[in-house]
Amino acid sequence: MNYKAYIFRLFFRIILIVGLILGLIYTIKIDKNTYAIILSISLVYLLINTYTFTKRRFVAMDDFFEAVKYRDFSRWFPEDRGPKDIRFLYTGFNEINRTIKEINSQNQAQYVYLQKILEMVDIGIIAYNLETGDVLWSNDSFGDILDVPSFKNIRFVENRKPDLFNTVFETYHREPNSISIALQNENIKILISDTVFQVDDDAFKLIVIQNIDDTLNKNESESWKKLLSVMTHEIMNSIAPISSLADTLQQNLQLALEQPEESQLELEDINSGIKTIKNRSEGLLKFAKTYRSLSKVTQLNLQRVRVSELFNNIQLLMEPSIKAKDIDVDFKISGPKLELDIDTHLIEQVLINLLLNAVDACKNKDNAEIRVEASQNSNRDIVIKVYDNGSGIPQNILENIFVPFFTSKTTGSGIGLSLCKQIMLLHKGRIMVKSIEGQGTVFSLVF
């Protein structure tokens with residue numbers, strides 16, 4: 001804003017006041033009373049004019065500051081009348097009002113947007129004053145999960161459900177914690193965490209809860225459906241021919257017993273049929289044993305191991321057989337000092353499974369190549385990746401490759417990758433896969 005004109009006018013008035021004062025002093029000294037009276041009147045007028053001239057600006061600023069104090073940003077200051085410097089001042093005030101109104105509008109939109117999101121989620125959220133217990137904000141899911149109506153102060157819960165109050169509000173859960181709470185005639189499991197934050201001089205507590213019973217039940221149900229679907233398929237594949245062959249043999253034996261002279265019992269056929277039943281039964285037994293192996297690994301023998309040592313063991317074991325199939329295999333570590341707290345035997349089994357899968361994917365590939373690389377990412381997680389440029393995994397079966405007993409191979413058991421995933425979960429890690437059909441696959445082990 002330009003205040004040069006205002007400063008010039010104020011400075012001119014001050015010069016005039018100083019000149020009139022000096023002139024008044026001079027006329028009094030030389031006893032020119034008439035001139036002294038005229039100069040006195042002029043001095044008073046100029047002082048009043050200067051006061052009014054200066055006050056008008058401060059009144060405008062007082063009006064603006066009063067509007068700011070009471071958050072009244074709807075005030076509009078006229079920009080088309082009054083002295084030029086006042087118009088500049090009003091223009092600045094209006095620009096500030098517009099800016100603040102835009103910021104408030106954006107904040108209000110963001111608040112409404114965030115509020116709608118928090119109301120829609122099935123996670124309960126509440127924030128309340130630690131000293132007074134007054135609720136700052138709460139969504140409907142919080143009351144639904146705890147089976148309480150809407151309340152303004154947490155003492156409402158304390159008076160009606162003291163045990164629930166102590167568990168949820170009085171106990172601190174710095175880390176997400178799974179607990180069971182009693183509601184009416186049932187117990188539900190919730191995941192709860194909280195944090196304390198400061199706003200000005202007041203301390204508030206934010207509590208987040210989630211009913212994980214429904215999630216666990218849903219995931220468990222989906223897992224069982226997939227597992228039972230695959231197991232039913234595998235068991236039926238074994239039982240159907242056994243049942244059919246047993247029925248045929250039983251009919252032949254029945255006929256031979258009823259008509260021994262007309263029906264000749266072929267011992268070779270019976271022997272062959274029984275042998276087939278035996279083989280299929282052994283296959284079904286082997287299938288059951290592989291299922292047991294999925295639940296066998298429950299404990300870890302953790303020890304700190306250098307990734308270089310882990311790779312050396314795998315390389316000595318697998319490289320000869322892989323290269324014998326005319327497949328290049330390369331082991332690479334970004335840092336020789338990378339170390340892991342792992343159960344060496346189990347992680348070796350994971351890498352062996354992944355390498356065997358990679359070999360199988362590359363069996364019909366020219367210039368086949370397998371790479372095993374270890375590095376540390378920006379989150380300080382250590383990642384081991386197994387690359388191959390083989391046939392890749394079709395997208396329609398990619399999401400099922402970790403399901404127990406699921407396999408696209410004619411000779412596979414379908415537990416290799418399931419076992420790998422279970423081992424990684426026991427290590428509090430995860431296994432991921434990316435694959436493009438016809439180009440290759442990469443499995444990532446994240447520790």
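Counting Lys +1, Arg +1, Asp -1, Glu -1, what net charge surrounds Leu24 among other residues with beta carbon under 14 Å of its beta carbon?
+1
Could you derive backbone 3J(HN,Hα) for segment 199-205 from the dihedral phi with the Karplus parameters 6.51, -1.76 and 1.60 (θ = phi - 60°), listing whole Hz in sequence and x where the residue is Gly or Pro?
Karplus values, whole Hz, x for Gly and Pro: 10, 6, 9, 9, 9, 10, 10.
Mean shadow of segment 1-157, computed from the convex hull of its alpha carbons, in nm²?
16.1
Taking square-rooted eigenvalues a ≥ b ≥ c of the alpha carbon gyration tensor, is segment 40-101 rounded, prolate or oblate, where a/c under 1.5 means rounded and, failing that, a/b exceeding b/c means prolate?
Verdict is prolate for segment 40-101.
How would you classify segment 97-145 from its alpha-carbon gyration tensor, with a ≥ b ≥ c the square roots of the eigenvalues: rounded for a/c under 1.5, else prolate if a/b is greater than b/c, otherwise oblate?
Oblate is the answer for segment 97-145, as a/c is 1.5 or above yet b/c matches or exceeds a/b.
Could you give each residue of segment 89-106 its phi-based ³J(HN,Hα) in whole Hz, using Karplus coefficients 6.51, -1.76, 1.60 with θ = phi - 60°, and x for Gly or Pro?
Working through the residues one at a time gives 5, 5, 4, x, 4, 5, 5, 5, 4, 4, 4, 5, 5, 5, 4, 4, 5, 5 Hz.
What is the calculated FRET efficiency for Thr195 to Ser321, with r their C-beta to C-beta distance and R₀ = 51 Å, to the nearest 0.05?
0.40
Report ³J(HN,Hα) in whole Hz for each residue of segment 143-160, in order, from the Karplus equation J = 6.51 cos²θ - 1.76 cosθ + 1.60 where θ = phi - 60°; Gly and Pro get x.
With coefficients 6.51, -1.76 and 1.60, one gets x, 5, 5, 8, 6, 10, x, 5, 9, 9, 9, 5, 5, 4, 6, 4, 6, 9 Hz.
Let me check I've understood the local charge: for Gln108, count other residues with C-beta under 11 angstrom from its C-beta, Lys and Arg +1, Asp and Glu -1. What total comes out?
Net charge around Gln108: 0.
Collect residues whose amide H, placed 1.01 Å from N in the peptide plane, falls under 5 Å from the amide H of Val329; neighbours closer than 5 in sequence don't count.
It is Ile370, by chain and number.
Arrange the peptides 111-121, 382-392, 300-310 so that the one whose residues have, on average, the most other Cβ atoms within 10 Å appears first.
Descending mean neighbour count gives 382-392, 300-310, 111-121.
Using amide H atoms built in the peptide plane, which far-off residues or other-chain residues are under 5 Å from Trp137 H to H?
Here Ala127 satisfy the definition.
Which entries of Lys69/Lys101; Lys385/Lys428; Lys152/Lys205; Lys189/Lys434; Lys189/Lys428; Lys161/Lys189 show an alpha-carbon separation above 24 angstrom in the structure shown?
Those over the limit are Lys189/Lys434.
Can you give me the convex hull volume of the Cα atoms of segment 326-447, divided per residue and expressed in Å³?
117
We did not get these values from a lab; they are worked out from the coordinates using the rules stated. Predicted, not measured: the structure shown is a model, and the values here were computed from it. Cβ: placed from backbone, ideal geometry, glycine included. Neighbour counts: every protein chain shown.
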